Amino acid sequence: MKKIVLFLFLVAQTTMFAQESKQVPQISVNGEGRVKVVPDRVEINLGVKNLGKDAAEVKKLNDETVDKVLKYIKKFGIPASDFKTTQVSLNRTYDYDKKKQTYQASQTIAIVLKDLTKYDELMMGLMDNGVNSIDNVEFKSSKMEQHKSEARKLAIIDAKKKAEDYVSVLNQKVGKAILIMDNSSHYQPPMYKNTLYAMEASDSSSQQTLAIGEIDILTNVSVSFVLE
């Protein structure tokens, strides 16, 4: 009796294994979705730095400069929600050869400018009011999530089109998707460091010194379809 039960168990297990290992006809392809967007805003990271032999004096000088810069930003018309202090530091450096120590006070500020036509005016004003470091300038779009969504849809459309191209010569059809993998890397916008740029004025004779370009939003997916 035990032998019969064991035999029936092995038969059942074998049948289940055969069913599970049955291959489903399918095709796997990659799809790419690309959207190019003209930036409509710019994020500027700037700094105010001062050096000196006395920590209190250096900090006072830096605070006074920062106060002047912040007042200029407000006067320029940038909303309080579009600028903020991102880092404040006071560091001591000791020169062992000269046996002297110096202090550096610094503060970094991030600004979002939503009118690119005012870019040059803002940058010149910041420098005139004491900013001595432009650490990063990054052009962005206010509708990034919308554009990313469009790129993802285009990637799926591209994947299905590729699959249909492959199986069309086999007299088969592309069925439902059974696996989708997002292989996209992080978006990297154009970045400009430690340089001032000027927007092109409406006058055609003016000098153009800033090429904003386009943001390239790229999505890559892997999709497996059932073949019918």
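The values are calculated or read from the model by the stated rules, or taken from the named source; none is laboratory data. Every value quoted in this text rests on a predicted model; they were computed, and no experiment measured them. All Cβ positions, even for glycine, are placed from backbone atoms using ideal geometry, and neighbour counts span all protein chains on display.
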- [ ] Scan segment 44-83 for residues that are hydroxyl-bearing (Ser, Thr, Tyr) and either surrounded by 13 or more Cβ atoms within 10 Å (Cβ to Cβ) or touching a residue at least 24 places away in the same chain (Cβ under 8 Å) (or both) and jot them down.
- [x] 65, 72
Open item on the list: I'm trying to understand the selection: among the residues of segment 26-42, which are of a type in the set (Asp, Glu) and modelled with pLDDT of 95 or more?
Closed with: 32
- [ ] State whether one or more residues within segment 93-103 are at pLDDT 95 or above and not in a strand (DSSP E or B).
- [x] no
